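In what follows, a structure is listed as structure tokens, so that the remarks can point back to it.
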2 protein chains.
Amino acid sequence: MKAIHGGVTAPIGFRANGLFCGIKKSKRRDLALIVSERPCHAAGVFTTNKVQASCVVINKEHLRDHRAQAIIANSGNANCMTGRGGFENSRAMAAVISRALKIRKKDVLVASTGVIGKPLPIKKIIAAAPELVRGLSRKGSELAAAGILTTDRVNKEAALEFMIGKRRVRIGAIAKGAGMIHPQMATMLCFASTDAAITPAALRDALARAAGKTFNTITIDGDMSTNDMALVLASGMAQNKRIVEGTKDFRIFSRALETVFLTLAKQMIRDAEGATKFVEVCVRHAQTKEDALAVARSIACSSLFKCALFGSDPNWGRIAAAAGYADAHMDPRRMQIYLGRELVLRRGGRVKKKAVILNRIFAQKNIRITVDLGLGKYAATAYTCDFSTNYVRINSAYRT
Amino acid sequence: MKAIHGGVTAPIGFRANGLFCGIKKSKRRDLALIVSERPCHAAGVFTTNKVQASCVVINKEHLRDHRAQAIIANSGNANCMTGRGGFENSRAMAAVISRALKIRKKDVLVASTGVIGKPLPIKKIIAAAPELVRGLSRKGSELAAAGILTTDRVNKEAALEFMIGKRRVRIGAIAKGAGMIHPQMATMLCFASTDAAITPAALRDALARAAGKTFNTITIDGDMSTNDMALVLASGMAQNKRIVEGTKDFRIFSRALETVFLTLAKQMIRDAEGATKFVEVCVRHAQTKEDALAVARSIACSSLFKCALFGSDPNWGRIAAAAGYADAHMDPRRMQIYLGRELVLRRGGRVKKKAVILNRIFAQKNIRITVDLGLGKYAATAYTCDFSTNYVRINSAYRT
């Protein structure tokens with residue numbers, strides 16, 4: 001398994017493009033298109049928010065046949081809570097690409113990200129469609145990755161090459177993150193491609209597993225988006241023996257997809273709104289897998305812990321408090337807490353450490369917190385960032 | 001029912017005091033004592049965090065006989081996650097007051113608030129105890145209220161006088177808030193007194209109801225404390241006919257206690273760390289009471305919504321998103337959202353309003369958000385504040 005260049009266009013048969021069509025005031029790219037040469041097996045996971053953008057609803061409809069060939073996405077406007085007109089606009093996005101590429105409307109997936117509740121300027125998107133299609137290229141991943149960003153500072157791309165039997169196979173993806181990140185069962189925006197031949201059922205299963213272990217373990221601000229989705233298209237052009245569930249090939253493919261997603265998930269945390277730190281919260285020896293993840297997420301979500309990270313203040317009492325209010329079995333008398341490699345809490349009491357040592361750990365850019373519950377054999381890791389004055393600044397004037 | 005002065009010492013038979021014993025670097029008051037002339041019926045509600053400070057554990061023990069006569073509390077140190085030594089220190093706090101007042105140890109309740117995980121400087125508390133007792137006074141509520149503050153800027157006191165039959169009865173209380181405020185079933189620190197004669201069972205019931213409708217509906221930062229508690233002592237010295245459950249007198253007493261608590265809960269929000277705004281989130285027409293509160297709390301907790309409040313940006317899409325991820329029945333097509341009195345969302349689509357009107361509402365110091373779920377007949381209100389750069393600043397350097 002080796003990392004390669006090319007992002008979502010690394011697998012055979014995929015082209016992409018991204019451009020500025022007039023939605024973003026900043027005049028940055030705000031429209032992206034990913035297209036496969038052939039119809040693909042396709043799968044998606046979506047936000048579990050009960051308020052869902054029209055693109056989420058429409059994609060579920062379009063994926064009923066587990067098939068797709070193109071993804072069009074705009075940034076700068078979420079097209080959510082925009083009434084019936086919003087649905088018509090999402091359908092119009094799919095329609096214009098369907099006509100330009102001469103493919104079925106149902107084979108076009110749609111995504112939007114940005115401000116909620118504002119009408120989508122659909123005419124700008126329709127006007128830009130011919131140029132968007134004309135510019136499709138085998139090297140277009142970077143442009144597409146730029147076209148889906150909102151408050152992100154950098155592009156998020158990843159690609160891997162690995163063997164299925166004797167065939168070289170590739171997975172590539174682009175994503176965006178930055179804010180309103182607290183995925184549950186689904187994720188932010190992530191568009192993945194692969195040239196692997198794989199059954200629709202195996203693709204769905206691999207996607208759900210990989211998203212659960214990666215995107216669902218990150219949190220930036222505890223707010224779950226209305227537009228989250230991860231989509232994957234499999235062209236089959238690598239001509240490997242078709243991957244089916246429960247085989248060694250399936251495990252190889254799943255692990256590769258998970259690796260690509262984890263790379264993107266970590267990129268999202270590093271580029272989180274206002275973030276200055278990258279933090280891993282590892283929970284060990286929980287009674288169940290769910291407990292391990294619940295405790296890790298509870299700590300990763302704590303505003304107070306995240307403020308302490310920003311201030312480089314090794315205030316581990318806040319870690320203990322957040323572990324204590326997680327919905328999980330725990331016994332404070334068995335819990336141990338490590339900051340980096342330093343044990344600071346053992347059996348309900350602190351282990352005295354020199355302040356200078358703990359301060360040095362919290363002053364680093366990459367921080368690992370380990371919480372050992374001392375109860376069972378399950379572990380989980382959650383990823384988060386610090387909570388900075390800049391996060392508040394960015395989000396106090398998001399629309400202006 | 002009328003508001004009176006005197007806080008926790010307003011009811012007959014209660015004296016209080018507060019002083020600086022040497023815990024806080026700021027040299028502000030950090031020790032408080034409340035004493036009743038006679039043994040009282042007593043009740044408490046406590047944090048549901050699984051990590052609990054030793055004072056929480058010990059108070060539950062001391063309240064087994066539903067009786068207490070004094071409350072000693074320190075600020076500047078939570079005495080939590082401090083091991084066996086921490087428990088001994090909490091017991092020592094009760095013991096020194098028991099000796100000085102010649103009352104049973106079990107009749108002394110203990111509370112601590114401040115940094116988690118640091119050993120409590122118990123010698124300073126013991127040394128200050130004689131002076132603390134000497135200074136007890138009928139006018140001491142203000143000093144005690146100051147002695148329990150941490151990052152609070154102002155004292156929190158309230159008292160009411162009302163009639164039970166032909167007897168004048170009083171309830172008084174002090175509280176502290178400011179941060180790590182997200183009560184579940186219990187609350188922050190609140191010490192209440194009453195001269196009403198009331199059965200222990202009625203007192204417990206009234207306390208649980210009142211806390212549920214007041215302290216449990218506020219959130220400052222979504223972090224639940226390890227030291228939360230609300231205690232109430234009833235001296236019976238008003239000589240009213242003893243209040244029992246299920247009577248008109250019980251309803252009058254419960255409503256009065258709820259009014260005192262709501263006054264304090266609102267004071268907490270107004271004085272929240274870094275807060276510049278006071279926000280009521282009213283949810284109407286929910287299918288169940290629990291749903292109404294879940295949606296109200298979800299919105300009140302949203303970091304993004306709270307940042308928008310700070311920036312006076314009427315970004316109601318974040319309200320819709322937070323309602324959508326609450327654990328409650330909801331249908332976005334039936335939801336309506338009002339900012340102040342302005343309807344901005346109806347049947348899944350926005351109602352166009354002039355930006356200047358919405359901006360003016362969000363620029364106010366007091367803001368009311370109403371979310372109508374259009375499903376049933378239940379309502380609930382949650383109280384919150386904005387999320388400011390100052391909140392982050394305060395909590396990035398809490399210990400330094």
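The values are calculated or read from the model by the stated rules, or taken from the named source; none is laboratory data. Keep in mind it's a predicted model, so treat the numbers as computed, not measured. In this analysis, Cβ positions are derived from the backbone assuming ideal geometry, glycine residues included, and neighbour counts consider all displayed protein chains.
Those residues that are facing chain B (nearest Cβ under 7 Å) and not in a loop (DSSP other than H, G, I, E, B), I need them from the stretch A:323-343; list them, please.
A:ALA323, A:GLY324
Answer with yes or no whether B:ILE126 is more than 18 Å from the chain's Cα centre (by Cα), surrounded by fewer than 23 Cβ atoms within 10 Å (Cβ to Cβ) and not in a helix (DSSP H, G or I).
The answer is no for B:ILE126.
What are the pairs, 6+ residues apart or on separate chains, where a residue within the stretch B:1-18 that is of a type in the set (Lys, Arg) has its Cβ under 6 Å from a residue that is not in a loop (DSSP other than H, G, I, E, B)?
From residues that are of a type in the set (Lys, Arg), the pairs are B:LYS2/B:GLU161; B:ARG15/B:VAL35; B:ARG15/B:SER137.
What residue, among those in the stretch B:83-117 that are assigned to a loop (DSSP other than H, G, I, E, B) and under 23 Å from B:ALA175 (Cα atoms), is nearest to the other protein chains (Cβ to nearest Cβ)?
B:ILE116
So which of B:LYS105, B:LYS139, B:LYS123 is touching a residue at least 60 places away in the same chain (Cβ under 8 Å) and either touching a Phe, Trp or Tyr at 6+ places or on another chain (Cβ under 9 Å) or in the same structural domain as B:ILE243 (by TED's automatic domain parsing) (or both)?
B:LYS139
Output the residues belonging to the stretch A:275-330 that are at pLDDT 90 or above, over 23 Å from the mean Cα position of the chain (by Cα) and surrounded by fewer than 24 Cβ atoms within 10 Å (Cβ to Cβ).
Listed by number, the residues that qualify are A:ARG284, A:HIS285, A:GLN287, A:THR288, A:ALA328, A:HIS329.
With the checklist (1) buried (at least 20 other Cβ atoms within 10 Å of the Cβ); (2) closer than 19 Å to A:ASN77 by Cβ in hand, flag the one item B:GLY349 doesn't pass.
(1)
What are the pairs with Cβ atoms under 6 angstrom where one residue, in the stretch B:352-372, is touching a residue at least 40 places away in the same chain (Cβ under 8 Å) and the other, located anywhere, is of a type in the set (S, T, N, Q) and part of a loop (DSSP other than H, G, I, E, B)? Sequence gap at least six, or different chains.
B:PHE362/B:SER312; B:ALA363/B:SER312
Please state which of the following conditions B:LYS266 fails to meet, knowing it meets all the rest: (1) surrounded by fewer than 24 Cβ atoms within 10 Å (Cβ to Cβ); (2) assigned to a loop (DSSP other than H, G, I, E, B).
(2)
List pairs: first residue in the stretch B:298-314 and touching a residue at least 12 places away in the same chain (Cβ under 8 Å), second residue assigned to a helix (DSSP H, G or I) and surrounded by fewer than 24 Cβ atoms within 10 Å (Cβ to Cβ) anywhere in the structure, Cβ distance under 6 angstrom, at least six positions apart or on different chains.
B:CYS307/A:SER396; B:PHE310/A:SER396; B:SER312/B:PHE362; B:SER312/B:ALA363; B:PRO314/B:LEU358; B:PRO314/B:PHE362
Provide a single number: the residues in the stretch B:283-315 that are in a helix (DSSP H, G or I), within 13 Å of chain A (Cβ to nearest Cβ) and touching a strand residue (DSSP E or B) at 6+ places or on another chain (Cβ under 8 Å).
Residues meeting the conditions: 8.
Test of understanding: among B:LYS354, B:LYS365, which residue is under 16 Å from A:SER396 (Cα atoms) and charged (D, E, K, R)?
The match here is B:LYS365.
Right, B:THR381: touching a Ser or Thr at 6+ places or on another chain (Cβ under 7 Å), part of a strand (DSSP E or B) and of a type in the set (Val, Ile, Thr) or not?
The answer is yes for B:THR381.
Here are B:ILE116, B:ILE97: which of them is within 19 Å of B:GLN69 (Cβ to Cβ), touching a residue at least 60 places away in the same chain (Cβ under 8 Å), assigned by TED's automatic domain parsing to the domain that holds B:ARG64 and not small (Gly, Ala, Ser)?
After ruling out the rest, the residue left standing is B:ILE97.
Within the stretch A:375-400, how many residues are closer than 25 Å to A:GLU290 by Cβ and crowded, with 17+ Cβ neighbours inside 10 Å?
9
If the requirement is being assigned to a helix (DSSP H, G or I), more than 14 Å from chain A (Cβ to nearest Cβ) and of a type in the set (D, E, K, R), which of these qualifies: B:ARG318, B:ARG251?
The unique qualifying residue is B:ARG251.
Looking only at the stretch B:344-382, which residues are under 18 Å from B:CYS282 (Cβ atoms), within 13 Å of chain A (Cβ to nearest Cβ) and touching a Gly at 6+ places or on another chain (Cβ under 9 Å)?
B:VAL344, B:LEU345, B:ARG346, B:LEU358, B:PHE362
Could you say whether any residue in the stretch A:175-189 is at pLDDT 90 or above and assigned by TED's automatic domain parsing to the domain that holds A:GLY83?
no
Could you list, in sequence order, all residues of the stretch A:1-48 that are of a type in the set (Ser, Thr, Tyr) and part of a loop (DSSP other than H, G, I, E, B)?
A:SER26, A:THR47, A:THR48
Identify, from the list A:GLY7, A:GLY76, A:GLY44, A:GLY22, the residue that is small (Gly, Ala, Ser) and surrounded by fewer than 24 Cβ atoms within 10 Å (Cβ to Cβ).
Only one candidate qualifies: A:GLY22.
Say whether the condition of being under 15 Å from A:LYS213 (Cα atoms) and touching a Lys or Arg at 6+ places or on another chain (Cβ under 8 Å) is met by at least one residue in the stretch A:302-312.
No, the stretch A:302-312 contains no residue that is under 15 Å from A:LYS213 (Cα atoms) and touching a Lys or Arg at 6+ places or on another chain (Cβ under 8 Å).
Can you run down the residue pairs with Cβ atoms below 9 Å, 6 or more apart or on separate chains, where the first is in the stretch B:51-80 and assigned by TED's automatic domain parsing to the domain that holds B:THR151 and without any contact (Cβ under 8 Å) to a residue 40 or more places away in the chain and the partner is surrounded by fewer than 20 Cβ atoms within 10 Å (Cβ to Cβ) and of a type in the set (S, T, N, Q)?
Listed by first residue and then by second, the contacts come to B:ALA70/B:SER98.
Is at least one residue of the stretch A:389-398 β-branched (Val, Ile, Thr), touching a residue at least 12 places away in the same chain (Cβ under 8 Å) and over 21 Å from A:ALA275 (Cβ atoms)?
No: the stretch A:389-398 contains no residue that is β-branched (Val, Ile, Thr), touching a residue at least 12 places away in the same chain (Cβ under 8 Å) and over 21 Å from A:ALA275 (Cβ atoms).
Within the stretch A:53-82, track down each residue that is in a helix (DSSP H, G or I) and touching a Cys at 6+ places or on another chain (Cβ under 8 Å).
A:SER54
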